[in-house]
Amino acid sequence: MAELVELPSRLAILPFRNKVLLPGAIIRIRCTSPSSVKLVEQELWQREEKGMIGILPVRDSAAEVTSSASTPLPQSGGGGGDSGDKASRIQVGSSDGKNQQEVIHWHNRGVAARALHLSRGVEKPSGRVTYIVVLEGLCRFSVQELSTRGTYYTARISPLEMTRAEMEQVEQDPDFMALSRQFKSTAMELISVLEQQKTGGKTKVLLETVPVHKLADIFVASFEISFEEQLAMLDSVDMKVRLSKATELVDRHLQSIRVAEKITQKVEGQLSKSQKEFLLRQQMRAIKEELGDNDDDEDDVASIERKMQSAGMPSNIWKHAQRELRRLKKMQPQQPGYNSSRVYLELLADLPWQKATEEEELDLKAAQERLDSDHYGLVKVKQRIIEYLAVRKLKPDARGPVLCFVGPPGVGKTSLASSISATLGKKFVRISLGGVKDEADIRGHRRTYIGSMPGRLIDGLKRVGVCNPVMLLDEIDKTGSDVRGDPASALLEVLDPEQNKTFNDHYLNVPFDLSKVIFVATANRVQPIPPPLLDRMEVIELPGYTPEEKLRIAMRHLIPRVLDEHGLSSEFLQIPEAMVNLVIQGYTREAGVRNLERNLASLARAAAVIVAEQEQATPLSKDMHRITSPLLENRLAGGAEVEMEVIPMGENSHEISSTFRVRSPLIVDEAMLEKVLGPPRYDDREAADRVATPGVSVGLVWTSFGGEVQFVEATAMAGKGELHLTGQLGDVIKESAQIALTWVRARATDLKLVAAEGINLLEGRDIHIHFPAGAVPKDGPSAGVTLVTALVSLFSQKRMRADTAMTGEMTLRGLVLPVGGIKEKILAAHRYGIKRVILPERNLKDLVEVPAHVLSSLEKGDFPSIGWLKIRSRMSQTFHGFLISRLSTFRCLIQYKTIHY
């Protein structure tokens with residue numbers, strides 16, 4: 001490759017369609033058209049020396065002419081072309097050897113090329129001659145005149161390259177030197193990147209040996225650039241312009257390589273991570289196989305398939321599971337949906353489709369004995385459970401009702417459900433519904449969601465492992481509803497025996513039979529349960545325990561359990577019945593027995609401290625011979641010092657406990673009771689103190705924790721006849737107060753509250769009615785009788801008897817309407833020591849549910865047919881007949897629940 005090339009005045013022209021050959025570039029072409037074959041034969045093949053031809057870019061007529069250099073060239077010879085400003089219509093040979101007439105646009109600048117290699121061939125069977133030519137671009141020239149020579153073209157040209165003197169002058173130019181350094185720097189950076197990709201070749205050698213003005217063409221010729229950019233590079237005769245354009249193109253090519261390399265590295269990194277994980281898993285499997293420890297690493301899919309085959313699925317569900325299994329087999333473990341599909345199939349395989357607890361022969365007598373041993377009292381509830389079990393014994397597949405135990409906390413609702421499962425010999429699973437507001441907790445989430453899981457019922461069945469357990473729906477009245485759905489509505493299908501045999505969990509997406517499950521529900525109140533859901537259950541109320549029942553429960557169940565939980569026995573601590581009764585009367589006022597158990601636990605903890613201190617003070621050798629441990633005896637015989645001895649579990653518990661026996665058991669008395677539990681929280685003097693003045697009455701209320709006692713206070717002051725109500729009251733109870741005041745004012749003369757007709761009872765004074773425990777919300781209609789009593793007591797200045805409690809809704813005409821919660825209210829009066837109760841006459845039917853010993857504790861009234869209860873259908877004009885004796889404080893003060901009258 002010489003620096004300066006001497007060009008002839010005329011050159012044969014080979015057109016390049018939409019392509020440019022730059023000086024220094026080497027290209028290989030295949031000539032098949034008659035014109036190009038003729039040119040090669042006459043100008044290159046038949047010459048003894050390697051010939052030279054001109055390469056001239058041309059543009060198709062279909063391409064848009066945008067270059068300023070693509071202008072019509074002057075024609076001469078036999079071309080018959082027009083030398084005007086229109087493009088000449090000439091015949092050009094195509095690459096496939098077919099001649100076609102088309103208008104082309106010749107570029108007025110080209111490159112002289114020298115043939116480096118020639119080879120001749122003949123196509124069969126056509127016999128057409130073809131040439132393969134390797135050309136090297138030498139230097140630029142400008143076309144002065146274009147003419148034809150036979151079938152190909154020739155052109156009169158003029159060289160465009162600089163002379164040696166001009167080159168030396170340009171190389172001394174500071175701008176050229178700066179451009180040259182910038183170009184070489186960019187080129188070296190490109191070569192470094194290409195060498196890293198092992199595609200650089202000998203380009204670095206050219207950079208060190210070839211002049212800069214040649215390097216610009218060589219570098220650009222090796223890039224994939226557009227035809228317009230190639231023409232612009234060909235037209236850059238000035239060295240500075242050429243280097244500037246070449247530097248720009250090299251830099252752009254370098255940036256594109258870097259971007260492609262970055263993307264490639266990122267993709268390869270992701271692939272290499274997957275390949276690495278796959279390789280490590282294969283190596284781990286091979287290692288375990290060599291160690292013979294490959295049983296624990298069974299193929300997940302095969303293991304799931306075996307579990308599915310033994311799960312006993314119905315035919316339609318088995319087909320669905322097989323489709324999911326085939327889909328899982330086609331997935332790779334690295335795919336995002338693989339784990340979710342595997343977990344789903346594991347759930348299908350683990351569910352007890354047909355696995356059930358065998359039905360045992362029910363012994364009703366043994367069931368009755370178990371219920372009596374587990375629970376004291378609750379006669380009616382136990383009788384209903386025995387009836388339920390009797391039906392199950394006669395017809396095991398009977399669709400019995402869903403029992404719903406309703407009552408205050410601590411009365412044994414959950415333990416009753418556990419006793420039912422133990423009596424039936426079935427497994428027990430508890431589903432807590434307290435605070436559930438999402439329907440998906442019952443029906444499950446759809447598998448399209450991230451973090452989806454089955455509902456609590458399906459999950460409970462999976463945990464218990466059988467399809468016929470006793471399932472407790474605990475706190476069914478505590479469910480709520482929001483934008484995520486209504487769980488109570490979802491339970492309608494669960495508790496309906498006609499629908500739950502095809503229960504459809506959203507996650508499972510196949511029907512599951514819940515008809516074999518024995519459902520038991522618990523609730524504190526009936527009111528929050530929606531009526532459709534309540535209609536599917538049989539409500540069994542547990543109102544609470546009387547003090548006598550609490551005493552028996554404490555002696556039989558609570559005290560033994562508390563002593564066992566604190567590592568004590570009756571040899572360490574004894575709590576007499578009298579002290580338990582004091583705890584019940586003075587420290588607890590509740591329907592259940594949880595606070596009673598907490599107080600007993602406090603006594604046990606205090607006793608544990610005393611016993612532990614006495615044990616530490618006991619010498620080590622004292623009574624040591626009572627422990628029958630051969631190891632210990634050998635050590636003692638050898639004279640060794642024994643610091644600690646592990647006693648075998650099989651030792652006699654009596655002999656072991658005798659080691660730590662105190663001198664005498666600790667017996668709880670009143671002094672210890674007050675020391676541990678503090679002074680009594682409740683006494684019998686509070687009611688007398690609070691009703692010591694006129695205007696105070698005692699009412700009976702119902703709460704979610706059972707029945708309670710509520711005081712109503714009324715007072716008068718100077719004013720304008722207004723009524724003031726306080727105590728965080730609801731709208732209904734405020735209306736009851738207005739009705740009571742209106743009725744008293746209308747009957748003021750009959751009640752002898754005013755001297756004559758027409759006198760305003762409220763003339764010059766205001767009335768203020770207050771319900772103590774102002775932090776507790778209160779509402780309900782049954783405080784009417786209590787409000788009337790308080791107002792009449794205030795206006796008549798006659799004190800209400802301290803032993804009187806009452807309930808009943810008051811109408812504007814003076815009728816006393818029946819109210820609810822009679823059983824709970826009477827039990828509350830009994831717990832507070834009240835001997836007389838005023839009730840609406842129409843609530844007489846509700847007294848059947850009250851225990852007989854509670855009714856017998858009430859004093860006899862004015863009605864012989866009743867004998868032990870004072871019942872009024874209208875408000876009496878006299879208040880000395882109002883009944884009832886001792887009253888204690890209102891337990892619900894510390895419980896922030898709405899009180900319902």
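The values are calculated or read from the model by the stated rules, or taken from the named source; none is laboratory data. All figures in this text were calculated on a predicted structure; none of them were measured in a lab. Don't worry about glycine lacking a Cβ; one is built from the backbone with ideal geometry, like all the others, and counts go over all protein chains shown. Note: areas computed on protein heavy atoms with side chains; ligands, DNA, RNA excluded. Shrake-Rupley method; radii C 1.70, N 1.55, O 1.52, S 1.80 Å.
Some observations on this one:
- Residue that is farthest from Val122 (Cα to Cα), among those in segment 21-41 that are open to solvent by 20 Å² or more (accessible area, probe 1.4 Å) and of a type in the set (A, V, I, L, M): Ile26
- Number of residues in segment 451-468 that are under 16 Å from the mean Cα position of the chain (by Cα) and not in a helix (DSSP H, G or I) equals 5.
- The single residue among Leu394, Leu424 that is surrounded by fewer than 20 Cβ atoms within 10 Å (Cβ to Cβ) and over 33 Å from the mean Cα position of the chain (by Cα) turns out to be Leu394.
- Checked against the criterion of being of a type in the set (Ser, Thr, Tyr), touching a residue at least 12 places away in the same chain (Cβ under 8 Å) and in a helix (DSSP H, G or I), segment 356-377 has no qualifying residue.
- The one condition from (1) part of a strand (DSSP E or B); (2) without any contact (Cβ under 8 Å) to a residue 40 or more places away in the chain; (3) β-branched (Val, Ile, Thr) that Thr448 does not meet is (1).
- When residues of segment 687-728 are limited to those that are outside any strand (DSSP E or B) and small (Gly, Ala, Ser), the one farthest from Leu794 (Cα to Cα): Ser704
- Scan of segment 469-508 for residues that are of a type in the set (Ser, Thr, Tyr), farther than 29 Å from Lys355 by Cβ and assigned to a helix (DSSP H, G or I), ordered by number: Ser489
- A Cβ distance below 7 Å, combined with a sequence gap of six or more or placement on separate chains, defines the contacts here; from segment 490-512, residues that are within 19 Å of Pro314 (Cβ to Cβ) reach residues that are assigned to a helix (DSSP H, G or I) and among the hydroxyl-bearing types (Ser, Thr, Tyr) in the pairs Pro511/Thr502.
- Looking across segment 131-154, just one residue is open to solvent by 10 Å² or more (accessible area, probe 1.4 Å), of a type in the set (Ser, Thr, Tyr) and more than 20 Å from Arg109 (Cα to Cα), and that is Thr151.
- In segment 261-280, the count of residues that are open to solvent by 70 Å² or more (accessible area, probe 1.4 Å), more than 22 Å from Gln334 (Cβ to Cβ) and either modelled with pLDDT of 75 or more or not basic (Lys, Arg) (or both) is one or more.
- Residue among Pro543, Pro576 that is of a type outside the set (Asp, Glu) and surrounded by fewer than 21 Cβ atoms within 10 Å (Cβ to Cβ): Pro576
- When segment 794-827 is filtered for residues that are in a helix (DSSP H, G or I) and over 22 Å from Ala737 (Cβ atoms), the ones remaining, listed by number, are Ile822, Lys823, Glu824, Ile826, Leu827.
- Among the residues of segment 811-828, the ones that are open to solvent by less than 10 Å² (accessible area, probe 1.4 Å) and farther than 16 Å from Pro408 by Cα come to 1 in all.
- Across segment 706-730, the qualifying residues are those that are crowded, with 23+ Cβ neighbours inside 10 Å and closer than 30 Å to Phe405 by Cβ, and the one among them that is nearest to the chain's Cα centre (by Cα) is Gly706.
- Scope segment 829-857; condition open to solvent by less than 20 Å² (accessible area, probe 1.4 Å), modelled with pLDDT under 80 and closer than 12 Å to Ala805 by Cα; matching residues: Tyr832, Ile834
- Wholly enclosed strands (runs of 3 or more DSSP E) of segment 98-177 bearing at least 1 residues of a type in the set (Asp, Glu) and either in contact with a Ser or Thr (Cβ under 7 Å, 6 or more places away or on another chain) or free of Cβ contacts under 8 Å to residues at least 40 places away in the same chain (or both): 99-103, 129-149
- Within segment 190-209, one or more residues are crowded, with 18+ Cβ neighbours inside 10 Å, modelled with pLDDT under 80, within 60 Å of the chain's Cα centre (by Cα) and of a type in the set (Val, Ile, Thr).
- Selection count, segment 314-345, where residues are touching a residue at least 12 places away in the same chain (Cβ under 8 Å), open to solvent by 60 Å² or more (accessible area, probe 1.4 Å) and under 30 Å from Ile518 (Cβ atoms): 1
Let's see how each residue does on (1) open to solvent by 90 Å² or more (accessible area, probe 1.4 Å); (2) modelled with pLDDT of 50 or more; (3) part of a loop (DSSP other than H, G, I, E, B):
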residue: Leu4; (1), (2), (3): no, yes, yes
residue: Leu11; (1), (2), (3): no, yes, no
residue: Lys19; (1), (2), (3): yes, yes, yes
residue: Glu43; (1), (2), (3): no, yes, no
residue: Leu56; (1), (2), (3): no, yes, no
residue: Ala62; (1), (2), (3): yes, no, yes
residue: Thr71; (1), (2), (3): no, no, yes
residue: Gly78; (1), (2), (3): no, no, no
residue: Ser83; (1), (2), (3): no, no, yes
